[in-house]
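Asks: Here you go, one structure.
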Amino acid sequence: MTASPVPLHGAPRNVLLLQGLMGPLFRRLGQSLRAAGHRVFKVNFNGGDRLFWRLPGGIDYRGTLEEWPAALDRILTEKQITDVVLFGDCRDHHMVATKVCRDRDIPVHVFEEGYIRPDWVTFEAGGVNGHSSLPRDPAWYLEAAAKLPAVEQHAPVPSSFRRRAMEGLAYNVADVLTRWYYSNWNNHRPWHPLVEGMGWLRKLRRRKERDLQSEALLARLEASGARYFLFPLQLDSDAQIRLHSPFAGIVEAIKVVLSSFAAHAPAGTRLVIKEHPLDNGVRDWELISRDLARRYGVEDRVDYLPGGDIVPVAERSLGMVTINSTSGTLGLSMGIPAVVLGTAIYDIAGITAQDGLDAFWQDPPTPDKATFDAFRRVLIERCLIRGGFFSNEGLDMVVRDAAERFARHNPAQKSPGDITVAGHSGQDAIAKAG
């Protein structure tokens, strides 16, 4: 199913897509952009990329990472590229691409999981999360949001874990079977694709068991009236951990959180560690969490939640501890206190705790609703679009809104998302704050 083409605004553009999400997102986007009159090209770095592209304009890159800057420069010149689109700006090839494009003044449009969940995805110019150009000044958001109209409400976006798992499995199998051709490809993820694929299969087989375990824990917490904090895990392979946090991986983060909880959390409070819904199942985070809780003497106060909806467990919590997860904005939207251990776009005075983790357990500060609402409104205007990646309905929304935002953006002019406040752009505000 293909979303209706968005009317072309201005001259046709030459668009280069790099790596997307494991699935049909970039094929669907390519179809929409082509239907709107743009020329679209796609670099395939491995067989998984190629499997989900299947459109004209594919470019197989078989060189090394060291050769990539010169190769990309040639592609940009030969195809007269006006825009580059990619998913995740912290992958090795994408970090190089962002620099090359910046040097050539070519706009880069970055997809990511939504800053605000669920029902939104990120589509931001220049970079996301720690690379975002958005300021951290609460007054800026309050002033900017006051000039924007209210956001139209939209229905919840369906999402399928099974679809996500099967698309990931298909991508990894295609990658493995074509390594002979893409001989210089080195996955940014830490596991061999077959290992990751087996992890997804194990997780799918155990899904019913894990759902029952999650339901039992939630029922027990509610029935007991337990007072607890929530720590949602992130993906161990996530570049947001490696590049935008003080941690080398999730194990190190769990150690820091449990150590602080043991030393500073009030007696009688508990900690619920929740597994990331897209974790591939390669590592047993429940076993790791329990072993570390035992080491720090709090095994009887720590619970592990392997699945289920994060909303009910978050809304009953005393507060949320996060590295830089988008789960943080979910909790903040419900008025739940949050503390950030890494670099996050929403780590702003008045919204999140600013006195550190040790103090957070004792006195978690309630987020200021007006400041968070202003932050959310500007975020939607500048770098969020409706939809989701793991259902046809969600992809329809993403492709339609991304193509529309793309069509309205003229690289030679200021983007509609570049909000100006009191004579200062977002970049100016950053420079002024610095």
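Rule-based calculations on the coordinates, nothing more; no lab input. This structure is a prediction, so every number in the text was calculated from the model and none was measured. Here the Cβ positions follow ideal geometry from the backbone for every residue, glycine too, while neighbour counts run over all protein chains shown.
Asks: Considering only DSSP beta bridges where both residues belong to the chain, give the percentage that are antiparallel (nearest 5).
Replies: Close to 25 percent.
Asks: Net charge near residue 180: determine it from the other residues with C-beta under 14 Å of the C-beta of residue 180, scoring Lys and Arg +1 and Asp and Glu -1.
Replies: +1
Asks: In nm, to one decimal, how far is the modelled label at residue 354 from the one at residue 393, with both set 7 Å along Cα→Cβ?
Replies: 4.1
Asks: Moving to a separate point now. Can you tell me how much longer the chain between residue 262 and residue 162 gets when fully stretched, taken as 0.36 nm per residue apart minus their C-alpha distance, in nm with one decimal?
Replies: 32.3 nm
Asks: Most exposed first by the Cβ proxy, i.e. fewest other Cβ within 10 Å, how do 154, 109 rank?
Replies: Exposure proxy ranking, most exposed first: 154, 109.
Asks: So, with +1 on the Cβ of K and R and -1 on the Cβ of D and E, and no other charges, what is the size of the charge dipole of the chain about its Cα centre, to the nearest 20 debye?
Replies: Here the size comes out at about 1040 debye.
Asks: Kindly identify the stretch 177-271 as rounded, prolate or oblate by the Cα gyration tensor criterion: order the square roots of the eigenvalues as a ≥ b ≥ c, call it rounded if a/c is under 1.5, otherwise compare a/b with b/c, prolate if a/b is larger, else oblate.
Replies: Oblate, since a/c reaches 1.5 and b/c is not below a/b.
Asks: Rounded, prolate or oblate: which fits the chain when a ≥ b ≥ c are the square roots of the eigenvalues of the alpha-carbon gyration tensor, with rounded for a/c under 1.5 and prolate only if a/b beats b/c?
Replies: Oblate, since a/c reaches 1.5 and b/c is not below a/b.
Asks: Follow-up. Taking only C-alpha pairs under 8 Å that are 6+ residues apart, what is the relative contact order of the chain in percent?
Replies: Dividing the mean separation by the residue count of the chain yields 21 percent.
Asks: In what order do 228, 181, 346 fall by count of nearby beta-carbon atoms within 10 Å, going from fewest to most?
Replies: In order of increasing Cβ crowding within 10 Å: 181, 228, 346.
Asks: Going toward the positive end of the dipole of the chain, with +1 on Lys and Arg Cβ and -1 on Asp and Glu Cβ, which of 155, 195, 122 do you reach last?
Replies: Farthest towards the positive end: 195.
Asks: At a Förster distance of 35 Å, what's the computed FRET efficiency of residue 194 paired with residue 223, Cβ-Cβ distance as r, to 0.05?
Replies: Calculated transfer efficiency: 0.25.
Asks: Along the charge dipole of the stretch 72-212, which of 182, 93, 138 sits closest to the positive end, that is, farthest toward it, with unit charges on the beta carbon of Lys, Arg, Asp and Glu (+1, +1, -1, -1)?
Replies: The one lying farthest along the dipole's positive direction is 182.
Asks: Among residues other than residue 392 whose Cβ falls under 10 Å from its Cβ, what is the net charge (Lys/Arg +1, Asp/Glu -1)?
Replies: 0
Asks: What are the extents of the Cα atoms of the stretch 297-377 along their three principal axes, listed from largest to smallest and rounded to whole Å?
Replies: Between the extreme Cα coordinates on each principal axis of the stretch 297-377 lie 39, 28, 21 Å.
Asks: Restricting to Cα atoms and excluding each atom paired with itself, what does the Kirkwood estimate give for the stretch 213-373 in Å?
Replies: Roughly 15.7 Å, rounded to one decimal.
Asks: Report the one residue of 361, 204, 336 whose Cα lies farthest in the direction of the positive end of the charge dipole of the chain (charges on C-beta: Lys and Arg +1, Asp and Glu -1; origin at the Cα centre).
Replies: After comparing all options, I get 204.
Asks: Can you tell me how much longer the chain between residue 155 and residue 283 gets when fully stretched, taken as 0.36 nm per residue apart minus their C-alpha distance, in nm with one decimal?
Replies: 42.6 nm
Asks: If R0 is 41 Å, what FRET efficiency do you get for residue 35 and residue 211 from their C-beta distance, rounded to 0.05?
Replies: Computed FRET efficiency for residue 35 and residue 211: 0.55.
Asks: Still on this structure, please answer the following. If you take the beta carbon distance between residue 183 and residue 243 as r and set R0 to 30 Å, what does 1/(1 + (r/R0)^6) give as a FRET efficiency, to the nearest 0.05?
Replies: With R0 = 30 Å, the Cβ-Cβ based efficiency is 0.65.
Asks: Evaluate the relative contact order of the stretch 213-373 (contact order divided by residue number), counting alpha-carbon pairs under 8 angstrom at least 6 apart; express in whole percent.
Replies: Computed value for the stretch 213-373: 26 percent relative contact order.
Asks: OK, next. State whether the stretch 68-217 is rounded, prolate or oblate according to the following rule on the C-alpha gyration tensor (a ≥ b ≥ c being the square roots of its eigenvalues): a/c under 1.5 gives rounded; otherwise a/b larger than b/c gives prolate, and the remaining case gives oblate.
Replies: oblate
Asks: Please report, in debye to the nearest 20, how large the charge dipole of the stretch 213-373 is about its Cα centre when each Lys and Arg carries +1 at its beta carbon and each Asp and Glu carries -1 there.
Replies: Here the stretch 213-373 has a charge dipole of around 260 debye.
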